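Asks: Before I ask anything, let me first share the structure, which is written out below as structure tokens.
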């Protein structure tokens, strides 16, 4: 492939990410996560036997459909088990695992590459085949391993189940969340300012996530002296978890999101200057730490009071890194300001004494007066 075909192959599967709307149709998380992981594994395995550029494009598009539901699905699954002030650190462990996978996948691929010629297949084909088959085993096992809800979990005691259910109940109050998808709810999402503003600043952190994953190995190789992107990924993983634990302890998101975005801005600015390669290498650490951390935090923030499917799906259709990062730096404080204003209005409405029926409160969801946004 030439460079244009290679870049098209890398990016084409992002156009399928809005497919994650169907996640809400599955009432059992184990079925949804098991299905997307198993499908992902099958597509990944078959990518090892493609014979043409067109076949590889088709496989990448199919991979995008499968991957579309995994990350938002896992974040949503964690939100079912943990209250908002405990969910960020759990989401961070998940994103941190993805970061560590990036640190060690290159080493694994390097080892598998020595199988080139075995069975008449090139080494790169064996990378797809073996990693796909390993993922297939995990995907099939997840249908039985994943406990859907605390009340159904067999390895928890009754006391532990009741405690988890109680923690979620006092966090959600009487507001709850609908388990169905209808045209009315879709229209509400499309007409809500939160949807578009959150897309704006989600893009501001998500562009660098993919860019650092797809481009930085080539950048590091061009530096000449620094050939260990795994070190960068390991540092980013540690920062992801530390940052999330602090955000949970302080029961806030916005302050830490802004720290992440500033780190991304500093790192991108450094790499746009004629700075020495060592300084640029340090800039990649800033980008990786800020991007991976803020991406997990923004996902948890949105899913703490909305489904997040639309925002996460559209937010993955990204572009130029620094421009989007600046957009995120503008959108994030604007978003926080509007949420604080909404909280003040809700408090005023509560103090007015207006009463709602339980059905009305559930219908309002996060717009209900008693639902306070975590900022």
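Asks: Starting from the Cα gyration tensor of the stretch 51-91, take the square roots of the eigenvalues, sort them a ≥ b ≥ c, and report rounded, prolate or oblate (rounded when a/c is under 1.5, otherwise prolate if a/b is larger than b/c, else oblate). Kindly include the intermediate steps, with their values, before the conclusion.
Replies: On the way: a/c = 7.30, a/b = 4.64, b/c = 1.58.
Because a/c hits 1.5 or more and a/b exceeds b/c, the stretch 51-91 counts as prolate.
Asks: Next question, about the same structure. Given points 7 Å out from each Cα along the Cα-Cβ axis, report the residue 337 to residue 115 separation in nanometres with one decimal.
Replies: Result for the modelled spin labels: 5.5 nm.
Asks: Using only the alpha carbons, work out the radius of gyration and Dmax of the stretch 70-143 in angstrom.
Replies: Answer for the stretch 70-143, Rg first and Dmax second: 16.6, 53 Å.
Asks: So, one more: Mind checking the full-extension length gain between residue 86 and residue 242? Use 0.36 nm per residue of separation minus the Cα-Cα distance, one decimal, nm. The partial results should precede the final answer.
Replies: On the way: separation 156, 0.36 × 156 = 56.16 nm, distance 1.36 nm.
Fully extending the segment from residue 86 to residue 242 adds 54.8 nm.
Asks: Sticking with this one: I want to check the label-to-label distance for residue 8 and residue 49. Put each point 7 Å from Cα in the C-beta direction and report it in nm to one decimal.
Replies: Going by the 7 Å Cα→Cβ label model, 2.6 nm.
Asks: What is the stretch 23-117 by shape, rounded, prolate or oblate, if you read a ≥ b ≥ c off the alpha carbon gyration tensor as root eigenvalues and call it rounded for a/c under 1.5, prolate for a/b larger than b/c, and oblate otherwise?
Replies: On the way: a/c = 3.14, a/b = 1.56, b/c = 2.02.
Oblate.
Asks: What does the highest-first list of 38-45, 340-347 look like by mean Cβ count within 10 Å?
Replies: Details: 38-45: 20.8, 340-347: 13.6.
In decreasing order of mean packing, 38-45, 340-347 become 38-45, 340-347.
Asks: May I pose another question? Along its principal axes, what span do the Cα atoms of the stretch 102-170 show, with the longest given first and each in whole Å?
Replies: Sorted from largest, the Cα extents of the stretch 102-170 read 57, 24, 16 Å.
Rule-based calculations on the coordinates, nothing more; no lab input. These numbers were taken from a predicted model, which means no experiment stands behind them. Every residue, glycine among them, receives a Cβ derived from its backbone with ideal geometry; neighbour counts consider all protein chains shown.
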